[in-house]
1. Counting pairs of alpha carbon atoms under 8 Å apart in space and at least six apart in sequence, what relative contact order in percent does region 4-124 give?
2. What is the percent carbon and sulfur in the accessible area of region 136-227, measuring with a 1.4 Å probe over the protein chains and ignoring ligands?
3. Relative contact order for the chain: what is it in percent, counting Cα pairs under 8 Å that are at least 6 residues apart?
4. Tell me the label-point distance for the pair residue 1, residue 67, using the 7 Å Cα-to-Cβ offset, in nm and rounded to one decimal.
5. What residues qualify as long-range amide H neighbours of residue 220, i.e. H under 5 Å apart, gap of 5 or more or another chain, H built at 1.01 Å from N?
6. Could you tell me whether region 139-238 comes out rounded, prolate or oblate from its Cα gyration tensor? Rule is a ≥ b ≥ c as square roots of the eigenvalues, rounded for a/c under 1.5, then prolate if a/b exceeds b/c, otherwise oblate.
7. Taking only C-alpha pairs under 8 Å that are 6+ residues apart, what is the relative contact order of region 136-227 in percent?
8. Hydropathy first: keep DSSP H helices in the chain averaging at least 0.0 on Kyte-Doolittle, then drop any whose Cα extent along the axis falls short of 15 Å, and list what survives.
Amino acid sequence: MNPTILLVEDELDLVRTLEYNLQREGYVVRSATNGKAAVDFLSAGIAPDLVLLDLMLPDMSGTEICRRIRSQERTRKVPVIILTAKTEEIDRVVGFEVGADDYVTKPFSVRELVLRIRAILRRAHTEPTESGAPAQVFGRLRLDTEAHRVWVDDQEIHVTALEFRLMTTFMSRRGRVQTRETLLSDVWGIQADVTTRTVDTHVKRLREKLGTAGEYVETVRGVGYRWRSAPDAPNESD
Ligand code: CA
């Protein structure tokens with residue numbers, strides 16, 4: 001079955017371009033050119049496999065729609081990619097406040113968007129079968145790798161599937177520097193020449209969520225990031 005993508009976008013030229021290109025990639029595309037149409041689609045019938053969501057719509061903000069997606073049981077786990085020209089909003093939008101999975105900034109290349117979509121759908125489809133490993137403990141952090149749940153000092157932290165994957169990737173390579181390019185390739189599944197700022201945005205958000213346990217992720221200036229070799233190891237950040 002071909003994945004269904006709900007495209008929520010009011011720029012008709014962009015809608016046509018994306019419909020054409022995504023259909024050519026084998027996706028079934030449903031388009032909504034305002035917030036009400038999107039909400040109607042999301043509350044009836046089968047949930048889409050992924051949502052492409054413009055932030056600026058004539059009748060409703062994309063962030064409001066994203067919150068609704070996250071609050072409804074039937075759409076809670078549907079991946080959302082934000083399409084936006086407003087780069088200053090990105091941290092908030094992909095953060096826990098709104099809960100989107102990824103974003104592309106306008107103007108974007110269709111090719112880059114398709115790569116992001118493929119990567120996210122691949123993760124969504126492979127994650128359930130990757131589970132089964134026991135809980136991992138690192139200092140004050142505990143991960144249930146089967147249920148994809150995270151606790152810091154016994155307080156549960158809500159992370160997205162991508163953040164969870166980022167954390168487990170880091171932890172499996174603790175003490176070793178990970179370049180942004182490596183992380184993009186291994187966590188996002190993107191091996192293209194796309195912006196590495198994505199990595200910084202998600203690491204920043206992950207650190208915020210982890211609170212003081214966020215110090216386990218160290219910045220290696222000019223290179224990338226490193227998960228501490230041990231919870232109480234001295235901070236080696238540059
Ligand atoms: Ca718009």
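The values are calculated or read from the model by the stated rules, or taken from the named source; none is laboratory data. All values reported here derive from a predicted model rather than from experimental measurement. Note that each Cβ is placed from the backbone with ideal geometry, even for glycine, and that neighbours are counted across all protein chains shown. Ligands, DNA and RNA are excluded from the accessible area calculation, which covers all protein heavy atoms including side chains. Shrake-Rupley method; radii C 1.70, N 1.55, O 1.52, S 1.80 Å.
1. 22 percent
2. Working: 1710 of 4060 Å².
Roughly 42 percent, rounded to a whole number.
3. 13 percent
4. 3.1 nm
5. Amide H neighbours of residue 220: 225, 226.
6. It comes out oblate by the Cα gyration axes.
7. Over region 136-227, the number comes to 27 percent.
8. Answer set is 161-172.
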